[in-house]
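Working notes for the structure below.
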Amino acid sequence: MTTIQVLLVLALVAAASAQYGHGHGGILLSHAPVVHHEPEPIAHPKYAFKYGVHDSHTGDVKDQVEERDGDVVKGEYSLLQPDGTKRTVHYTADHHNGFNAVVSISGHAIHPEQPKIVHAAPVLSYGHGHY
């Protein structure tokens, strides 16, 4: 019983004296200096652009004009629709009214005549059964 008590005391001494760090010094805590960050000034957003595409080979015809001054955006775009009419959209957007668009269609729609489907007469066969 004395041997067990000696081993138990040695185990407790070993556990109490054990430390992490592999020979390095203790942990040193320090606080980072407080950094005051000034927000970067936001530039006043302002731009204007326009472009147009007129590809007679593919039939892609469209235009767009837009301008922005601060939080107000105004513009319009138009495109040639498959039926030959021109769709024009005038739009505005701001924080007070949100996005608003007025769509107009100009020109006359051209709908090509649908081809008539002709069903062939059934083929009659006067065979003699299986070969």
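Being aliphatic (A, V, I, L, M), surrounded by 10 or more Cβ atoms within 10 Å (Cβ to Cβ) and modelled with pLDDT of 80 or more is the filter here; which residues of segment 10-45 pass it? Answer for segment 10-45, where residues must be aliphatic (A, V, I, L, M), surrounded by 10 or more Cβ atoms within 10 Å (Cβ to Cβ) and modelled with pLDDT of 80 or more: LEU10, ALA11. Filtering segment 70-105 to residues that are aromatic (Phe, Trp, Tyr), more than 16 Å from PHE49 (Cα to Cα) and surrounded by 10 or more Cβ atoms within 10 Å (Cβ to Cβ) leaves nothing.
Of all residues in segment 47-67, those that are within 16 Å of GLY84 (Cβ to Cβ) have Cβ atoms under 7 Å from Cβ atoms of residues that are hydroxyl-bearing (Ser, Thr, Tyr) and surrounded by 11 or more Cβ atoms within 10 Å (Cβ to Cβ), 6 or more apart or on another chain, in LYS62/TYR77; LYS62/SER78. Scanning segment 106-124 for any residue that is at pLDDT 90 or above, surrounded by 10 or more Cβ atoms within 10 Å (Cβ to Cβ) and assigned to a strand (DSSP E or B) turns up nothing. For segment 79-131, the set of residues classified as over 29 Å from the mean Cα position of the chain (by Cα), of a type in the set (Ser, Thr, Tyr) and farther than 17 Å from VAL61 by Cα consists of SER125, TYR126, TYR131, listed by residue number.
The values are calculated or read from the model by the stated rules, or taken from the named source; none is laboratory data. Predicted, not measured: the structure shown is a model, and the values here were computed from it. Virtual Cβ from ideal backbone geometry, glycine too; neighbours counted across all protein chains shown.
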